[in-house]
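What follows is calculated from the coordinates using simple rules that are stated; it is not laboratory data. Given the structure is predicted, the values throughout are model-derived calculations rather than measurements. Note that each Cβ is placed from the backbone with ideal geometry, even for glycine, and that neighbours are counted across all protein chains shown.
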Amino acid sequence: MNVTLLTLFVVYMTVMITPGPNFMVVAQTSTIYGWKNGILTATGVSAGSSILAILAITGVTSFLLKYSTIYISVKLLGISYLLYISYRFFMQGRNCASLEANNSLVEPVNSFSHGLLTNLTNPKALMFFITVFTSILDLSTTYALKIKCIAMISLCSFVWHFFLAIVFSLKMIRKIFSKNFGYVCYGSSVIIFIFSILLVRTIF
């Protein structure tokens, strides 16, 4: 395997498996709505990774980094969406005493778009592709290798989040979450809220 591709693989996997908004949204969707919606959410997240990788390689993310005002605006937009997710988790915990009470039908497009938007507005993912990703791939990197990197990012993202969707949709896991659904939602809300506040501190 190419050294650049291997380096990117190791760094990306390390960053990706660290719990964050993408992890939380796939886990929660799979637990509440089952594996089908979980996989659709995972597909949306991986699609977002592909888009961010393409934007990084084409220089769009470097443009954002060059103009700090635009970069900060994009980060604030992402933080705002994370706060919205935190609010949704909180309200789900407040309004539903159990998993079954909230197990309503969700349109597939909503699951996919929810995963896509979560990743595209995820400041953690954005910072990775603006800084680490672009530093590993320099000007001497061939187009063929860049395409391989995009394919690797897409595949790794899908496989990991697909795995999460399957695990968190298992009956045993759902049963545990069902008994503690309100606490899980409150906990998810608090974690994402704290994550958002920490990201705000990196701006100001």
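Calculate the all-directions average of the projected area of segment 114-169's alpha-carbon convex hull, and give it in nm².
Computing the convex hull of the Cα atoms and averaging its projections yields 4.5 nm².
Take each of the peptides 2-9, 156-163, average the number of other beta-carbon atoms within 10 Å over its residues, and list them starting from the highest. Before the final figure, lay out the partial values.
Working: 2-9: 14.8, 156-163: 19.2.
For the peptides 2-9, 156-163, the packing ranking is 156-163, 2-9.
My understanding is that a pair violates if its Cα-Cα distance is over 26 Å; which of 75/171; 148/171; 36/148; 124/148 do that in this structure? Spell out each step's value before the answer.
Details: 75/171 37 Å; 148/171 37 Å; 36/148 29 Å; 124/148 23 Å.
Beyond 26 Å between Cα atoms: 75/171; 148/171; 36/148.
Give the Kirkwood hydrodynamic radius (Å, one decimal) of segment 1-45, defined as one over the mean of 1/r across all pairs of different Cα atoms.
Details: mean 1/r = 0.0852 Å⁻¹.
The answer is 11.7 Å.
Quick one: if you stick a label point 7 Å off each Cα along the C-beta vector at residue 110 and residue 73, how many nm between them?
Modelled inter-label distance: 3.1 nm.
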